[in-house]
Amino acid sequence: MEGIPNAQTLNYLKHPYIVNQCFRYYLFALSLLSLASCVQHKQLINFNEGPAFPVGAQPMPIMADVRIQPDDLLEIGVYAEDPAAVAPFTLQGIGARTKEENNITGNHYLVDQAGDIEFPVLGKMHLSGLSVEQARDTFKQKLNRYIAHPIVNVRWLNFKFTVLGEVSRPATYTLPERSVTVLEAVGLAGDLTNYGNRKNILVIREQDGKREFGRVDLQDRNVFASPYFYLKQNDVVYVEPLKQKTSVVSDQASKVLPWVSAGAILANIIILLFR
């Protein structure tokens with residue numbers, strides 16, 4: 001009957017050479033499909049490109065000063081040998097309504113959109129654009145009129161940055177420190193996933209009314225000298241996915257298609273052999 005293979009055809013199919021060739025072509029097709037979706041080992045390693053690390057300790061690049069900006073929350077404390085002299089410059093005796101109007105909570109001061117805060121006795125203080133050291137010195141100069149040898153402490157309470165993309169815990173993080181590296185930021189976010197592109201991490205930075213974009217390559221040993229190695233207030237770190245991620249997020253039908261394609265390739269090989 002037409003369409004049913006005869007004994008000679010079946011014996012032909014069982015020939016070791018034919019079986020071996022079909023198997024080899026099939027494995028080749030599967031290997032091509034697997035290579036298209038696998039992440040290579042070298043793509044998962046940091047600091048594996050560029051000149052070798054030097055032997056011995058090396059001087060660290062000076063971190064650019066982090067400047068105070070609007071919406072920064074600062075803790076400002078004034079201290080002196082005479083507590084009575086310090087009292088007018090604390091928030092004792094300030095009514096709740098005044099505190100709310102001046103964006104004051106405890107010894108915490110929120111920098112307004114003009115870059116100012118309202119400080120007891122001293123009044124409006126413009127802090128935007130200053131480092132915490134410069135802000136401290138400014139307070140000390142003004143307080144010298146009222147207090148002998150004042151001690152001023154200024155520190156951030158909301159150093160904020162955001163990590164998005166191919167990390168385990170994408171989120172916005174707030175720390176009391178002002179020195180955070182891109183490596184620490186990625187570590188806080190639970191490190192990159194297996195599909196995170198280590199070679200092209202985007203850092204979005206807004207300062208002085210401008211927005212800039214920088215790239216960080218974690219596989220390059222020169223990353224420590226990058227101007228984006230140290231993060232600044234409100235930086236956004238985005239880890240883009242590798243191309244292989246598309247095979248993971250595709251729908252179920254798309255996951256079956258490679259196997260259907262492999263079967264089709266095998267069928268075509270058999271047909272060509274018979275011809």
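The values are calculated or read from the model by the stated rules, or taken from the named source; none is laboratory data. As the structure is a computational prediction, the values presented were derived from the model and not from experiment. Because the Cβ atoms are built from the backbone with ideal geometry, glycine has one as well, and the counts that use them run over all protein chains shown.
Summary table below
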read-out: Some residue of segment 248-265 being under 21 Å from Leu202 (Cβ atoms), of a type in the set (Ser, Thr, Tyr), surrounded by fewer than 15 Cβ atoms within 10 Å (Cβ to Cβ) and modelled with pLDDT under 85; value: no
read-out: Filter result (more than 30 Å from Leu183 (Cβ to Cβ) and either in the same structural domain as Asn234 (by TED's automatic domain parsing) or among the aliphatic types (A, V, I, L, M) (or both)) within segment 143-161; value: Leu143, Ile147, Ala148, Ile151, Val152
read-out: Residue that is farthest from Val111 (Cα to Cα) [pool: residues in segment 162-199 that are assigned to a strand (DSSP E or B), among the hydrophobic types (A, V, I, L, M, F, W, C) and within 11 Å of the chain's Cα centre (by Cα)]; value: Leu192
read-out: Selection from segment 123-161 of residues that are assigned to a helix (DSSP H, G or I) and either among the hydrophobic types (A, V, I, L, M, F, W, C) or touching a helix residue (DSSP H, G or I) at 6+ places or on another chain (Cβ under 9 Å) (or both); value: Val132, Ala135, Phe139, Leu143
read-out: Selection status of Arg221, modelled with pLDDT of 85 or more and either buried (at least 19 other Cβ atoms within 10 Å of the Cβ) or touching a Gly at 6+ places or on another chain (Cβ under 9 Å) (or both); value: yes
read-out: Selection from segment 170-213 of residues that are surrounded by fewer than 17 Cβ atoms within 10 Å (Cβ to Cβ), of a type in the set (D, E, K, R), at pLDDT 90 or above and closer than 30 Å to Ser128 by Cα; value: Glu184, Arg211, Glu212
read-out: Counted residues, segment 132-169 - those being of a type in the set (S, T, N, Q) and surrounded by fewer than 14 Cβ atoms within 10 Å (Cβ to Cβ); value: 4
